[in-house]
Amino acid sequence: ESAQKIMDLNESLLAMNKELNFLNSELRNFNSIAANNYSEALRHAYINLETIITNDAQHLSDSGRANLRRAQSAIQKMKLLTSDITSYLELYDTGIKKELISPKINLQNVINEMKGRIEEANATIDISELPTLSADPVLFSRLITNLIDNSIKFKKPGEDPVVTIDHISDLNNDFANQAGK
């Protein structure tokens, strides 16, 4: 009787997992379609504002033109956010493939890919010796790319960004030392 209950529960669990996978697939499809439609609507709004600025600029006050430019800037930020959300959703499809990686090699690859951006911002990237770690190399590279890009984007005004990449050898001691400061 117990064995039959376990089999019934397993069958029920399998059915629920199939339903959950189906619903997740539908949600991903919906998100993809919604993000594409949203991006297209933002693109049209930006183009329409640009047309107004180009054709009717002489009839607008300086503050009116400034407001249109601010609206365009907000649209650009919304497009970037939409792109980030889409990239985040793609992570569900890629799966995580952990392996032992040398972070320094991944960091050098990211820095080489971002060389133009780093030079343009006059940024300095300092990398200490890093131990090997278990991570998905693609996701680790994305993480480092985003961290460096954000460090450049959100730097202190008037200062060149300095990005220091280091590791904590003993997490518990580091937190204790930080709490004592």
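Restricting the first member to the range 13-39 and to residues that are over 15 Å from Ser87 (Cα atoms) and in contact (Cβ under 8 Å) with a residue 60 or more places away in the chain, and the second to residues that are assigned to a helix (DSSP H, G or I) and open to solvent by 90 Å² or more (accessible area, probe 1.4 Å), the beta-carbon pairs closer than 9 Å and six or more apart or on different chains are Asn24/Tyr92. Against the test of being touching a strand residue (DSSP E or B) at 6+ places or on another chain (Cβ under 9 Å), of a type in the set (Val, Ile, Thr) and exposed (fewer than 12 other Cβ atoms within 10 Å of the Cβ), the options Thr124, Thr94 yield a single qualifying residue, Thr124.
Does Thr82 satisfy the condition of being of a type in the set (S, T, N, Q), open to solvent by less than 80 Å² (accessible area, probe 1.4 Å) and either more than 15 Å from the chain's Cα centre (by Cα) or more than 30 Å from Glu40 (Cβ to Cβ) (or both)? Taking the combined requirement at face value, the residue does not satisfy it.
All of Lys18, Lys5 fail the test of being over 25 Å from Leu89 (Cα atoms) and of a type in the set (Lys, Arg), apart from Lys5.
The values are calculated or read from the model by the stated rules, or taken from the named source; none is laboratory data. Because the structure is a prediction, the values reported are computed rather than measured. Quick reminder, even Gly has a Cβ in these numbers, built from the backbone with ideal geometry, and neighbours come from all protein chains shown. Calculation scope for accessible area: heavy atoms of the full protein, side chains included, ligands and nucleic acids excluded. Shrake-Rupley method; radii C 1.70, N 1.55, O 1.52, S 1.80 Å.
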